[in-house]
1. Within the range 214-227, is there a residue that is of a type in the set (D, E, K, R), surrounded by fewer than 17 Cβ atoms within 10 Å (Cβ to Cβ) and modelled with pLDDT under 90?
2. Which one of these does ILE382 not meet: (1) under 20 Å from LEU337 (Cβ atoms); (2) within 31 Å of the chain's Cα centre (by Cα); (3) among the β-branched types (Val, Ile, Thr)?
3. Please give the strands (runs of 3 or more DSSP E) falling wholly within the range 38-93 in which 1 or more residues are in contact with an Asp or Glu (Cβ under 8 Å, 6 or more places away or on another chain) and at pLDDT 80 or above.
4. Which number in (1) modelled with pLDDT of 90 or more; (2) surrounded by fewer than 20 Cβ atoms within 10 Å (Cβ to Cβ); (3) of a type in the set (S, T, N, Q) marks the one condition that THR202 misses?
5. Within the range 164-183, can you find the residues that are basic (Lys, Arg) and either in contact with a Ser or Thr (Cβ under 8 Å, 6 or more places away or on another chain) or not in a strand (DSSP E or B) (or both)?
6. Of everything in the range 232-261 that's part of a loop (DSSP other than H, G, I, E, B) and out of contact with any Phe, Trp or Tyr (no Cβ under 6 Å at 6 or more places or on another chain), which residue is modelled with the lowest pLDDT?
7. For residues in the range 262-306 being more than 13 Å from ARG343 (Cα to Cα) and small (Gly, Ala, Ser), which is modelled with the lowest pLDDT?
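The values are calculated or read from the model by the stated rules, or taken from the named source; none is laboratory data. Just so it is clear, the model here is predicted, and its values are computed rather than measured. Methodologically, a virtual Cβ is constructed for each residue, glycine included, from the backbone with ideal geometry; neighbour enumeration extends over all protein chains shown.
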Amino acid sequence: MVTTSPWYGSVRAIALVASLLVGHAASAQSEGATRAANANDLVVLQNGNEFEGTIVADADTSLTIRIAHGQELEIAKSMVSKIVRRSHAIETDAKEGTTSYWDGRNAWFHLRDELGRHIGKMHYYVRSTEDGGAQLEEQWTFVNEGRKSFMSRIEVLDANRAPVSFVFREAVSKLADERVLRERLVRGEVEDASLRIVEAGTDGRSTRTVPFPAGNSFPLAVAESVRRGESDGAHEYAASIYDPLDGVFELRRYELQDGVPAPRKSNQVARTTATLIESKEHGRTRREWIATDGSILLVEVNGIHLVAEPVSEATAIATATYGRLIKRPRVATLGDLDVFLPRATWQLGRTVERGHCIELVPPIDVHVRVRWVEGDTTGTSILQSASESMLTAFRIDHESFRETGQELRLFDGRPGLEIRGIMKDRVGHQIDVVHWMREQGSGWVVVTLEGDRRQVARVSDEARDLVGDICESTRNVASNSLASPSR
């Protein structure tokens with residue numbers, strides 16, 4: 001294995017972001033068995049109506065599905081809630097040449113660290129091969145301290161969606177002259193239920209052959225299958241893959257949530273929904289927000305330690321020089337403290353109360369404030385006394401607030417308090433209020449959550465994590481949190 005620097009090791013660990021191919025289990029019900037046998041595509045509309053058949057055309061704004069011989073329907077994508085592709089190919093006229101079971105994808109992303117700084121780019125695309133299969137490629141480029149780290153995956157599938165081969169390359173070069181300092185290249189080919197792996201690097205060249213039974217696949221292939229909605233409605237499942245990044249077979253587990261709030265851009269007014277795909281890989285959590293048309297809205301690895309935001313190809317090319325990338329912090333300073341957003345879908349709001357309070361904007365209609373108050377922090381009795389002072393001040397501004405309970409908690413090993421209550425909002429509706437309070441430095445941190453009971457419940461876990469992640473400001477906090485564990 002190639003010896004790498006701590007930054008290079010963190011890049012390799014962070015870039016462990018593939019996830020993937022779900023095998024279809026036969027349904028015990030006759031209707032499910034018939035669907036699987038026919039391998040029909042499924043289109044679900046916003047009004048709940050469903051159409052089964054074969055998708056024969058997929059344009060930017062519409063798709064065409066053949067529901068019977070001679071019967072084809074063209075459906076606007078704005079009316080579509082979900083697309084499940086089960087057939088092996090999109091049929092086209094013979095003159096259009098060979099087609100693949102997946103239409104093409106060409107997506108560019110800017111990469112940010114947890115401080116919001118641009119640290120590189122990612123390019124991901126899918127295209128058909130001449131034999132009706134598919135080729136998937138993912139390229140990650142990270143820049144730090146005059147060096148560029150590059151990682152590329154290429155995977156090839158045949159017309160039956162079975163894995164054929166992969167190429168994996170990672171390299172570190174000088175940013176000034178592109179001279180390669182370290183490099184590792186791994187190639188793999190599947191033949192007769194075996195995987196032949198050839199690896200070359202600074203330690204030399206090695207070849208080995210390992211069993212590769214049917215049902216195994218590669219990371220990108222499984223991930224793309226999940227994005228295309230081919231899990232047949234399953235919300236939890238596992239897939240067996242071989243990942244050349246670490247050279248291991250792994251049973252990866254995935255969770256899907258439909259109807260979650262979609263990431264918003266600043267110019268968007270309406271709140272749309274998306275499908276959230278979450279997987280845990282080598283101690284890190286990867287999340288992807290997928291739109292109803294299958295496009296990738298946002299990628300997040302390990303909280304906000306790495307955020308991949310989609311950009312146009314023109315923007316990606318225009319920002320080829322990393323000095324031209326626009327910086328937009330995702331962390332705010334509150335006195336001597338750093339406040340980190342708990343997820344990539346959250347945004348920073350206003351700083352109010354003479355800089356002692358920061359408003360945060362979750363992806364749903366909930367009001368979140370982070371406040372820091374100086375004071376003595378020695379002992380539980382001091383905590384309870386400080387909480388009473390905080391509640392007294394809160395009641396002055398919110399006369400309808402009524403406390404419903406308190407509970408002692410630990411936040412990152414520090415003692416804290418959770419206070420729950422209810423009150424009326426500006427239009428007279430009853431809403432829930434939760435205060436989390438803990439000592440921090442020479443004072444107290446208070447995180448307040450206000451909103452409808454169901455909405456508050458949806459973001460409570462993230463808000464609690466926010467309390468534990470607040471820390472003293474330090475220039476090295478990003479590099480410390482991004483450091484990868486020893487392998």
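1. no
2. (2)
3. 41-45, 50-58, 62-68, 80-84
4. (1)
5. Answer for the range 164-183, where residues must be basic (Lys, Arg) and either in contact with a Ser or Thr (Cβ under 8 Å, 6 or more places away or on another chain) or not in a strand (DSSP E or B) (or both): ARG169, ARG179, ARG182.
6. ASP232
7. My answer is SER266.
Conditions (1) within 30 Å of ALA316 (Cα to Cα); (2) free of Cβ contacts under 8 Å to residues at least 24 places away in the same chain, marked per residue:
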site	(1), (2)
VAL143	yes, no
ARG161	no, no
PHE168	yes, no
ALA176	yes, no
GLU189	no, no
ASP192	no, yes
ASN216	no, no
ALA223	yes, no
ASP246	yes, no
